[in-house]
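Notes for the one structure printed next.
The values are calculated or read from the model by the stated rules, or taken from the named source; none is laboratory data. Small disclaimer: the values here were computed from a predicted structure and weren't measured. Here Cβ is always computed from backbone atoms with ideal geometry, including for glycine, and neighbour counts include all displayed protein chains. With ligands, DNA and RNA removed, areas are computed over all heavy atoms of the protein, side chains included. Shrake-Rupley method; radii C 1.70, N 1.55, O 1.52, S 1.80 Å.
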Amino acid sequence: MADELARLAPLLDGRIGRTVVLVGLMGAGKSCVGRRLAARLGMDFLDSDAEFEAASGSTISDYFARFGEPAFRDGERKVISRLLDGPPVVLATGGGAFVDPATRERIKRTGTSVWIRADLDLLLKRTVGRDHRPLLKQGDPREILGRLMEARYPIYAEADIIVDSTDEVPEATVIRVMEGLIKHLNSESK
């Protein structure tokens, strides 16, 4: 795996002039993969959720509880827009960010979107028992994630690149993202 990562990195060297935006449901692995991808590409990594919390001075769970989801989505939109105005980075976004039409359009215009797709059982394994997921506190996590998949997967499918996340080491997903970026960049240059 290390050999494959070492082989792919030079094929992307100096070719990524836009922010690589990772989208997908909670638990798909956006932050974990994003950190490793950024290190391989020599880019900075940012997490829009962490940036939102820093800007608001509140955890997302607390913000959700105090102001509701619409206020959070508005703030999230502003944070992501600000991050896209900066230098190119690898950016992991919250699960609902790409669903917002204005955010999705902005990402399409100024970034390269990568959907990290995962199946329901993997998402459950990675999210159940963690208390920082406000949407999962509203009922049965399997039912909630199933509904979110049904509503959001058709929208995530608009991403420039689609990569499956599986229950294997994160580097395997990083390799698939790098391969997807190479293919995407090659198709853009034709």
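Restricting attention to region 35-73 and to residues that are at pLDDT below 95 and basic (Lys, Arg), the residue that is surrounded by the most Cβ atoms within 10 Å (Cβ to Cβ) turns out to be Arg40.
Please indicate, with yes or no, whether at least one residue in region 20-31 is in contact (Cβ under 8 Å) with a residue 12 or more places away in the chain, open to solvent by 60 Å² or more (accessible area, probe 1.4 Å) and not in a strand (DSSP E or B). So that I can check it myself, show each step before the final result.
At the first step, the residues of region 20-31 found to be in contact (Cβ under 8 Å) with a residue 12 or more places away in the chain are 20-31.
Imposing the further condition that a residue be open to solvent by 60 Å² or more (accessible area, probe 1.4 Å) reduces the set to none.
There is no residue in region 20-31 that is in contact (Cβ under 8 Å) with a residue 12 or more places away in the chain, open to solvent by 60 Å² or more (accessible area, probe 1.4 Å) and not in a strand (DSSP E or B).
Report whether or not Leu91 is surrounded by 19 or more Cβ atoms within 10 Å (Cβ to Cβ), at negative phi, in a strand (DSSP E or B) and aliphatic (A, V, I, L, M). Spell out the reasoning first.
On the way: surrounded by 19 or more Cβ atoms within 10 Å (Cβ to Cβ): yes; at negative phi: yes; in a strand (DSSP E or B): yes; aliphatic (A, V, I, L, M): yes.
Answer is yes for this residue.
Does Ala39 qualify as being in a helix (DSSP H, G or I), at negative phi and over 15 Å from the mean Cα position of the chain (by Cα)? Spell out the reasoning first.
Values: in a helix (DSSP H, G or I): yes; at negative phi: yes; over 15 Å from the mean Cα position of the chain (by Cα): yes.
Yes.
In region 94-116, the residue that is farthest from Ile60 (Cα to Cα) out of those that are buried (at least 21 other Cβ atoms within 10 Å of the Cβ) and of a type in the set (A, V, I, L, M) is Val114.
Regarding Ala54, is this residue in a helix (DSSP H, G or I) and touching a residue at least 24 places away in the same chain (Cβ under 8 Å)? Reasoning before the result, please.
Working: in a helix (DSSP H, G or I): yes; touching a residue at least 24 places away in the same chain (Cβ under 8 Å): no.
No, not satisfied.
Among residues of region 108-142 being modelled with pLDDT of 90 or more and among the acidic types (Asp, Glu), the one that is nearest to the chain's Cα centre (by Cα) is Asp119. Per this entry, Glu76 is not counted among residues that are out of contact with any strand residue (DSSP E or B) (no Cβ under 6 Å at 6 or more places or on another chain), open to solvent by 40 Å² or more (accessible area, probe 1.4 Å), in a helix (DSSP H, G or I) and among the acidic types (Asp, Glu).
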